[in-house]
Each structure stands twice: as structure tokens, then as C-alpha cells.
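Notes to accompany the following structure.
The values are calculated or read from the model by the stated rules, or taken from the named source; none is laboratory data. Remember, predicted model here, so these are calculated numbers, not experimental data. A quick note on method: Cβ atoms are made from the backbone with ideal geometry, for glycine too, and the neighbour counts reach across all protein chains shown.
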Amino acid sequence: MKKTITVLAGDGIGPEIIPPALNVLQAVGTRCGHSFEFVPAVVGGQAVDETGWPLPNETLKVAGSSDAVLLGAVGGPKWEGLEYERRPERALLGLRAQLGLFANLRPAKLYAELADASTLKREVIDGIDVLVVRELTGGIYFGTPKGVEATPTGHRGFNTEVYTTEEITRIATIAFETARKRRRLVTSVDKANVLESSELWRKVVTEVHQTYQDVELRHMYVDNCAMQLIRNPRQFDVLVTTNLFGDILSDEAAMLTGSIGMLPSASVGANVGMYEPIHGSAPDIAGHDVANPIGMIASGAMMLRHSFDLGKEADLIERAIQRVLAQGYRTKDIESPGTKLVGTQEMGRLIQSVILNDPSVILSEAKDLG
């Protein structure tokens, strides 16, 4: 298999975590007989500095013509004073909209070796395996009218939460189809007791469920869901929710696993999927070789699985990550007494080495890690 991948390193720790991920993918290609061509392009603050705009047309053109996109991170204090439309974070919304990426898949699965890195008790988090399916191109982030306007006493800021039947139907379908491959339980999260947009959300999700009677559907208000994720996360399998609620809940779910630096995400919907860790640009640690690259590396694994249908190769990466953690290696964010502290690049090299050189980590051995 030969695939072309657009690489958007971006800002902050993005340029540090991208190289380990690319090296790991190259190692998979070497071991399994695949060829990956990486095409770099600018995005976010880097693009603002070079072109004056966070998402140049050339970047969109390159991304749209590739087989998948790997994104590091965007944003940082350097660009916070820019007008809203030129801020680096706008590139994310533009990429999602232009590439038709309406569904964000964010897994929160605990590696047993990291149970002690979580702030929650082991008995609460042992065995958690939650997938947040977040709607990406609708809701309050895209709804109109929006803006800031002058009033007689100051200013008024406003955004509009909007969802259509079509938008809700397609994200609910993704959730039910995904649940069929897991534990067959979907929890739809809304605020239907207060918001009319959530009332429609609940109605449409319930209607879509009629086609998926083999999957159990539960409804939960977002405030209760936030509490239940901490109280008893094992009750959840697939969570499906709106853009805003998903943004918040997926970060909360990430911390169940010990570090937000561990977790990948996939944005899918049209022909070209985009894959990125969920942790952001972390400018305070950029340039110090302390960032955790595992979220980025695992995002590459999700790319293999969801865009290229290379499930065994994705398992191989996840197996290698698990093996390195079992050997006691840790980056600073997941360090604990008795473990071996390594930097960003060394963690990547260790995972790459397992893939290339550890004969005990074989494709047929890599099971139930997706």
C-alpha cells in the first residue's frame, strides 16, 4: 500500500511530536511492506507568520488531495492579540469545514501500566474504555448570528447554537455503527431540559436508534454526564454529543487515563480524515524535549485503522506503546516513582525500535487494543 499524508506540524510542541510519529509510521511501513509519503504544509500560527492567514489556500489544496492529514497542534500566546479570524485556532474549524469532517472520535482507554498516573483511584478507572463521538461542524462554534456589538452600557457578545436534523442524523449514525463494533451501548448527551436545540437532538437520536435496535441507547444531561465520568466511567461505552459538550467532556475523559498527552483523535466524515492528539500546543513546554509524543503516535495508529483499513498495523503501534510503558519508560507528564524518565524524541525512538526489532510484538499478537 502507498499513501500520501499531509503533515501539519503547526505550533508549540507540534514540531516536536510530529517527527516521532512519522518515524513510527515509517517503521510500520518497513516491517509491513507499506509506503507512506509525507507532504508538509503550514497551518496555525506558523502559517500566520509566513502568509498572514492561519489556513492558507495552498494548505487546503494539499490536504484535500492527500489520503489523510496528520496535525500536531496550533495556537499560542504569540498570536492571542490578533483579530478573531486570523487566530491560529480558526485553522482547525476551517479544516473541519472544508474537508467535511463532521465526526470527531476521541478514545479514552487506560493502559494498565498508567493506572497510578491518574488522579482517580485505581478501582474507579481500571478497565475504562470510553469513546466520545463529538459532532464537529455544527453547534455553537459555527452557528449564526454571532459577534460582539456595542450597547449603551458597554458591549454584548453572542453566539448561536444551531443543529439540523441532517447534522444530528449523520453523527448519531456514526455513533451507533461504532458501538456495534464495541459493547453496543450509546449514551447521547444533551441539555434537553433547557435548550431547544438539545430537544431536537434527543428526538432525532431516538429516531435514528430505531434502525439500531441491537444497540442500547441511553440519554443523559451533560451536567450529570460530567459527574458520572468521574464517579463511574466504566458505565460508558460510546458517548455521542454536540460540538461544545464534546469539546469539554472529551478532555475530562482524557484525564481519566492519567495524562491528556496520551490520547489521540480522529476527525472523519468525507474522503480525507484528519488525525491529531487532543492536548493542544502546550507552548509552556515547547522546545524542551519533555512533551509526550504518544498521543501523536497513537493518532497515526488511528489513521491506519480508519483511513487506510490497516487494523493489524494500528494494533502493532498500540502494542509497541504498551510494551515500552511496560518496560517502565515515561515522559515527564506520566512519570512516577521507579520509572525511567525519557524525553520526547527518545520515547519515539523506543516505540520505533520495538516495532522494528522486537520479534515478540507480532501482528497476530496485537489484539483488542483498537
Would you mention how many residues in the stretch 326-356 are of a type in the set (A, V, I, L, M, F, W, C), under 24 Å from Ala286 (Cβ atoms) and assigned to a helix (DSSP H, G or I)? 4
Filtering the stretch 266-280 down to residues that are over 14 Å from Val74 (Cβ atoms) and either touching a helix residue (DSSP H, G or I) at 6+ places or on another chain (Cβ under 8 Å) or in a helix (DSSP H, G or I) (or both) yields Ala266, Val268, Gly269, Val272, Gly273, Tyr275
Complete set of residues in the stretch 13-35 that are surrounded by fewer than 24 Cβ atoms within 10 Å (Cβ to Cβ), part of a helix (DSSP H, G or I) and among the small types (Gly, Ala, Ser): Ala27, Gly29
Checking the conditions here, which among Ala301, Ala253, Ala291 is within 22 Å of Leu341 (Cα to Cα), outside any strand (DSSP E or B) and not acidic (Asp, Glu)? Ala291
Only one of Gly45, Gly10 is on the phi > 0 side of the Ramachandran plot and buried (at least 24 other Cβ atoms within 10 Å of the Cβ). Can you tell me which? Gly10
On the basis of being part of a helix (DSSP H, G or I), of a type in the set (Gly, Ala, Ser), touching a residue at least 12 places away in the same chain (Cβ under 8 Å) and within 25 Å of Glu196 (Cβ to Cβ), does Gly246 make the cut? yes
Has the stretch 329-348 got at least one residue that is modelled with pLDDT under 95, among the small types (Gly, Ala, Ser) and in the same structural domain as Ser66 (by TED's automatic domain parsing)? yes
Thr6 - would you say it is in contact (Cβ under 8 Å) with a residue 40 or more places away in the chain and over 23 Å from Val74 (Cβ atoms)? no
Taking the conditions exactly as written (farther than 22 Å from Ala298 by Cβ and of a type in the set (Asp, Glu)), does Glu113 satisfy them or not? no
Qualifying residue in the stretch 273-293 (condition: under 28 Å from Lys3 (Cα atoms), over 10 Å from the mean Cα position of the chain (by Cα), β-branched (Val, Ile, Thr) and surrounded by 19 or more Cβ atoms within 10 Å (Cβ to Cβ)): no
Here are some conditions: (1) touching a helix residue (DSSP H, G or I) at 6+ places or on another chain (Cβ under 7 Å); (2) at pLDDT 95 or above. Leu136 meets all but one. Which one does it not meet? (2)
Quick check on this structure: which one of Asp237, Asp247 is charged (D, E, K, R), assigned by TED's automatic domain parsing to the domain that holds Glu177, out of contact with any Pro (no Cβ under 9 Å at 6 or more places or on another chain) and at pLDDT 95 or above? Asp237
Report, by residue number, each residue of the stretch 43-73 that is in contact with a Ser or Thr (Cβ under 6 Å, 6 or more places away or on another chain) and either β-branched (Val, Ile, Thr) or not assigned by TED's automatic domain parsing to the domain that holds Pro15 (or both). Val43, Val62, Val69
Modelled with pLDDT of 95 or more and under 24 Å from Gln228 (Cα atoms): which single residue out of Glu196, Glu207, Glu167 fits that description? Glu196
